[in-house]
1. When all C-alpha to C-alpha distances in region A:3-285 are sorted into bins of 5 Å, what percent of pairs does each bin hold, rounded to whole numbers?
2. Which net charge results when you count Lys and Arg as +1 and Asp and Glu as -1 among the other residues whose beta-carbon is under 13 Å from that of B:Arg59?
3. Within chain B, which complete DSSP H helices have Cα atoms spanning at least 15 Å along the helix axis and a mean Kyte-Doolittle hydropathy of -1.0 or higher?
4. Using square roots of five times the C-alpha gyration tensor eigenvalues, list the equivalent-ellipsoid semi-axes of region A:69-138 in whole Å, biggest first.
5. So which aspartates and glutamates can B:Lys46 reach, going by Cα to Cα under 13 Å and dropping same-chain residues fewer than 8 places off?
6. Just the number, please: percent antiparallel of the DSSP beta bridges in the protein assembly as shown, rounded to the nearest 5.
7. Apply the Karplus curve 6.51 cos²θ - 1.76 cosθ + 1.60, θ = phi - 60°, to the phi angles in region A:207-222 and return the couplings in whole Hz, x for Gly and Pro.
8. Cα centroid distance between region A:123-161 and region A:246-267, in Å?
Amino acid sequence: MITLFGYPIQALMGQLLLGLINGAFYAVLSLGLALIFGLLNIINFAHGAQYMMGAFVAWLLLTYAGINFWLSLILAPLALGLFGMALERLLLRRLYKLDPLYGLLLTFGLALIIEGAFRQAYGVSGQAYQVPKLLQGGINLGFMYLPLYRAAVVVVSLVICLATWLAIEKTKLGALLRAATENPALVQAFGVNVPVLVTGTYGFGAALAGFAGVLAAPVYSVNPLMGSNIIIVVFAVVVIGGMGSILGSVLTGFGLGLIEGLTKVFYPEASSTVIFVIMAIVLLLKPAGLFGRTA
Amino acid sequence: MPDSAPLLAVNDLHAWYGESHILHGMTFDVRAGEVATLLGRNGAGKTTTLKSVMGIVGRRTGSVRFEGTETSRLSSNRIARLGLAYCPEERGIFSSLNVAENLALPPAVRAGGLTLAEVHELFPRLAERADSQGTKLSGGEQQMLAIARILRTGAPLLLLDEPTEGLAPVIVQHIGSILQRLKERGFTILLVEQNFHFALGVADRHYVVENGRVVDCVPNSRASTATLQGYLGV
């Protein structure tokens with residue numbers, strides 16, 4: 001058996017892949033959180049619930065309407081985007097003049113209500129969701145077995161993150177978004193409808209969460225608690241990457257997923273806390289986060 | 001065009017920041033094609049007047065008419081779309097945007113704005129530094145950028161808040177010559193200024209502002225640094 005640092009390479013690679021997949025979800029979720037925090041100054045605690053809803057929309061569509069994974073990959077983010085925009089218009093909008101703490105409390109409350117409603121309706125045992133036919137099976141790479149679907153999750157997440165980053169850094173709309181993040185009043189005084197930009201951004205963030213939820217459905221089971229399980233880690237990712245930094249969230253997401261995976265190999269006892277230890281160290285040494293700008 | 005109807009007519013404008021009442025019935029107008037200034041001490045309400053006209057101050061009452069359209073109930077983005085462009089005192093250059101992006105940011109609200117080539121001809125430094133981060137420019141260059149970016153939009157009325165503040169005399173002179181050229185091109189300018197010498201060089205009329213009210217209007221022909229200083233008691 002081939003070994004690396006005394007560990008079987010199969011196990012090592014398996015954990016690295018698992019870390020990369022977790023990292024892909026951390027990256028997509030923290031990207032949405034960072035976008036929302038940047039423009040709305042709201043810490044969107046409902047993000048995990050929106051991720052869970054994405055998975056449930058896919059499962060419901062499949063179970064009750066026979067709609068397949070691929071169509072759900074478009075429909076669920078659309079549904080979550082609309083849900084997010086309604087939420088922003090009806091509730092969040094009322095809080096912008098108040099302390100950001102109120103936004104956190106409101107979205108936290110919403111997350112509890114949504115999660116509770118889904119638990120009531122579907123229990124906590126979780127619903128299985130089949131891997132789509134096209135991506136069933138895997139490839140034997142010699143040193144490890146690579147399931148096709150999991151590889152696709154990593155690639156698609158990377159593409160989504162890269163596309164979002166390019167859109168923000170290189171397009172006119174992205175420039176508007178960056179400018180409105182800095183000084184919304186002035187951008188509005190130039191004739192830009194900033195409230196619509198804000199609604200759209202929250203909707204896009206919720207849609208990203210929904211998209212991640214659909215991707216997650218075949219990997220983890222579809223469970224009302226799946227959002228609250230992952231969201232705390234995602235918040236740690238955002239804090240480590242630097243609040244509001246898009247690139248920082250993406251790199252940190254993938255990086256921390258890998259670190260978590262490696263910890264499972266070398267010191268499994270610490271695997272569920274390693275991210276928070278890193279967060280504490282980063283906060284001590286660089287309070288604005290690894291990629292954050294100090295004000 | 002001294003007899004034409006005013007482009008901007010402000011009547012009994014009041015404005016508040018939270019509980020503090022800043023404007024106490026500002027009344028003045030700006031005619032098409034002229035340069036008018038608001039002069040006054042710090043805290044007299046000049047900046048608040050520009051912000052109120054632009055719709056940035058939340059609580060305001062009274063009337064602001066632009067080309068006959070009442071704007072005092074509109075949000076700032078709708079007001080800007082009517083044809084008003086604003087250059088804030090702090091310049092408002094975006095640090096996450098480069099110079100070219102800063103320049104391209106304000107959307108066009110009307111046909112007839114300057115083309116990018118014309119903007120670069122007026123401000124050659126902005127072409128040279130197109131890829132620099134906006135806030136890495138010198139103070140004078142940032143002021144040029146703040147003015148340049150609102151010239152592209154086609155808005156006929158420019159609201160400029162202290163464009164000479166903190167700048168070296170040679171740059172102040174340059175900005176003065178630019179305002180002259182903009183005036184020749186048909187722009188109407190409402191200028192907040194503390195630099196009397198500069199104001200005398202570019203303006204047609206001066207409104208003297210005190211405690212949130214216009215207390216006098218002085219045509220430039222009757223104004224001198226001494227008379228203006230007398231008005232303001234400095």
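1. The distribution over region A:3-285 is 1, 6, 12, 16, 18, 17, 13, 9, 5, 2, 1, 0, 0, given as percents.
2. Once positives and negatives cancel, what remains is +3.
3. Working: long enough: B:139-151 (19 Å, 0.48); B:169-184 (23 Å, 0.29).
Passing helices, by number: B:139-151, B:169-184.
4. Taking √(5λ) for each eigenvalue gives 32, 17, 10 Å, largest first.
5. Correct list for B:Lys46: B:Glu89, B:Asp161, B:Glu162, B:Glu193, B:Glu210.
6. 65
7. Karplus values, whole Hz, x for Gly and Pro: 5, 4, 4, x, 4, 4, x, 5, 4, 6, 3, x, 7, 9, 7, 7.
8. 19
Read-outs: derived from the displayed coordinates by stated rules, not from any lab. Given the structure is predicted, the values throughout are model-derived calculations rather than measurements. Don't worry about glycine lacking a Cβ; one is built from the backbone with ideal geometry, like all the others, and counts go over all protein chains shown.
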